[in-house]
Structure formats: C-alpha cells, structure tokens
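To start, the structure under review is shown below, and the notes come after it.
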Amino acid sequence: MDHVITVKSLQVLAAQKVCGMIADGKLKIGQRLKEADLCRSLGISRTPVRDALKTLQSEGIVEIIPNKGAFVAEPDLKEIKDMFEMMSLLEGYSAGIVAREKLTEENLETLEEMHRDLKSSYQQNNLEKCSEINISFHKYLAELSNNKHLSEMILKLQYKNYIYRSCHLYWHNRLDKSLKEHEALMRAFRQKDYLEAEIAMRTHLLNQYEEIARHDSDFKKDLKEAHE
C-alpha cells in the first residue's frame, strides 16, 4: 500500500512540475517531452512521469501522438473559449459570494493592496510583475469564497489557462482595459454589492477571451514567442 501511495504521489508531483515548466516557458508550445529528459530534470523515475503525461493529456495540456511521443499541446481557440466561459461563471459566482458574505476589512485591504501593486507595476511598465499580481489576485479571491469544491475547480482552470492570461496582457491597450475592469470589481467589493461584483468578474473574463478571439493568429504567434 505504501508503494502505491508513493507512486501516486510522485505522479501528481511530476504533473505539477511539468505544468510549472510549461507555465514558466521552460517547456515550449509544441516541444516534444522526452521521458528520459524529464526523469533527469525532475529527479523522478519513469513510471510516475509516464503516468503524469497521460494525466496531462486528459487535461489537454499534453498531446501524445502514437509512435511519435508526447508534446506540449498547442491551445485550440474553442478550448480556450470553453475555459473562459466556465471560469466566468465560477469566478463570477465566487466574487459574488465574497462580496456578500466573506469580505472583512482585513481581506478587503489585501485586495486593495494587490490592486495598488498592479497599477504601480503597470505604471513602471513591468508587465511580468503585472501578470504575476493578476494571477495572485484571482487566486486569492477564489480562496476567499471558503468553498472548497468551488475554489478547487477555479484554481484548476486558472492554472491551466495561466499561459493564455499572461500572454494576452502584453497586447496593446489590453492591460489598460484589464485595470479598468479590476477597478470596477474593486468598487463593487468596497460597496459590498454582490450582484455588481459577479457581473464585473464575468465581464472581465469574457473580455479576456474576446481579446484572444480577435487576435487569434497574433495570439498563437505571441504565445510561442513568449516561450522562446
């Protein structure tokens, strides 16, 4: 039993590490994932690495082609649309819960501080920092809902589309629009207006997808360049 638990734990760890390497650009879109190389870099044996790749295949992060091997999957616009639509529902609902029930002075100030840091990083043209803060902001909100199943679903989707969110912020004027959308969300939180908070979050996420859809060919180009 201990052996089974250990192998399963290593499989989960390997999947997390591969996801992290993709998100950080260490593994590029379309790159072949050689099991032997992953085993060496992760310090994990072949069986849990192979199982991790199969898990990531089921999540659409890795593509396994018979007789060719495993590759970092290139995102499909339909898949991205589906993810953002689902995230808009889940994160919108979560934002509404937070505004209605969970917003203490302390965690409101934490959100305010993140929002100030986001604006400051934007003014300094530190786009990498903007992306980092943006992800932390959305993650913190998911956790504030205090709904384990809801936050787990949100965080899983957030992690999967991390690359998409990070990349689109670099486009002309998108970050400026994103900041305005965050400000609308913050106004709703300050007023504890749960309906406006839900609408603001849903609008924010759907606008992100619409930006990607308008620039689909540029998006794929930028996505690959961001990982070079």
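The values are calculated or read from the model by the stated rules, or taken from the named source; none is laboratory data. Computed from a predicted model, the values in this text were never measured in an experiment. Glycine gets a Cβ as well: all are built from the backbone with ideal geometry, and neighbour counts include every protein chain shown.
Among the residues here, Leu77 does not qualify as without any contact (Cβ under 8 Å) to a residue 60 or more places away in the chain, touching a helix residue (DSSP H, G or I) at 6+ places or on another chain (Cβ under 8 Å) and either farther than 19 Å from Ser136 by Cα or among the hydroxyl-bearing types (Ser, Thr, Tyr) (or both).
The single condition among (1) touching a Pro at 6+ places or on another chain (Cβ under 9 Å); (2) modelled with pLDDT of 95 or more that Tyr164 does not meet is (2). Any residue at all in the range 74-92 that is surrounded by fewer than 18 Cβ atoms within 10 Å (Cβ to Cβ) and in contact with a Leu (Cβ under 6 Å, 6 or more places away or on another chain)? No, the range 74-92 has no match at all.
Of all residues in the range 121-145, how many are surrounded by 15 or more Cβ atoms within 10 Å (Cβ to Cβ), more than 20 Å from Gly96 (Cβ to Cβ) and hydrophobic (A, V, I, L, M, F, W, C)? Of the residues in the range 121-145, 3 are surrounded by 15 or more Cβ atoms within 10 Å (Cβ to Cβ), more than 20 Å from Gly96 (Cβ to Cβ) and hydrophobic (A, V, I, L, M, F, W, C).
Within the range 178-194, residues that are farther than 13 Å from Leu111 by Cβ and assigned by TED's automatic domain parsing to the domain that holds Lys102 sit with their Cβ atoms under 7 Å from residues that are in a helix (DSSP H, G or I) and among the charged types (D, E, K, R), at 6+ positions apart or across chains, in these pairs: Leu179/Lys119; Tyr194/Arg100. When Glu113, Glu198 are screened for being modelled with pLDDT of 90 or more, surrounded by fewer than 17 Cβ atoms within 10 Å (Cβ to Cβ) and not aromatic (Phe, Trp, Tyr), only Glu113 passes. Mind checking which residues of the range 134-162 are of a type in the set (A, V, I, L, M) and either within 18 Å of Asp117 (Cβ to Cβ) or without any contact (Cβ under 8 Å) to a residue 40 or more places away in the chain (or both)? Scanning the range 134-162 gives Ile135, Leu141, Leu144, Leu155. When the residues of the range 25-52 are filtered to those that are assigned to a helix (DSSP H, G or I) and charged (D, E, K, R), the one that is nearest to Ser9 (Cα to Cα) is Asp51. Does the range 45-59 contain at least one residue that is within 29 Å of Asn207 (Cα to Cα), at pLDDT below 85 and of a type outside the set (S, T, N, Q)? Taking every residue of the range 45-59 in turn, at least one turns out to be within 29 Å of Asn207 (Cα to Cα), at pLDDT below 85 and of a type outside the set (S, T, N, Q). Just so you know, in the range 53-67 the residues that are outside any helix (DSSP H, G or I) and free of Cβ contacts under 8 Å to residues at least 24 places away in the same chain include one that is farthest from Tyr209 (Cα to Cα), and it is Asn67.
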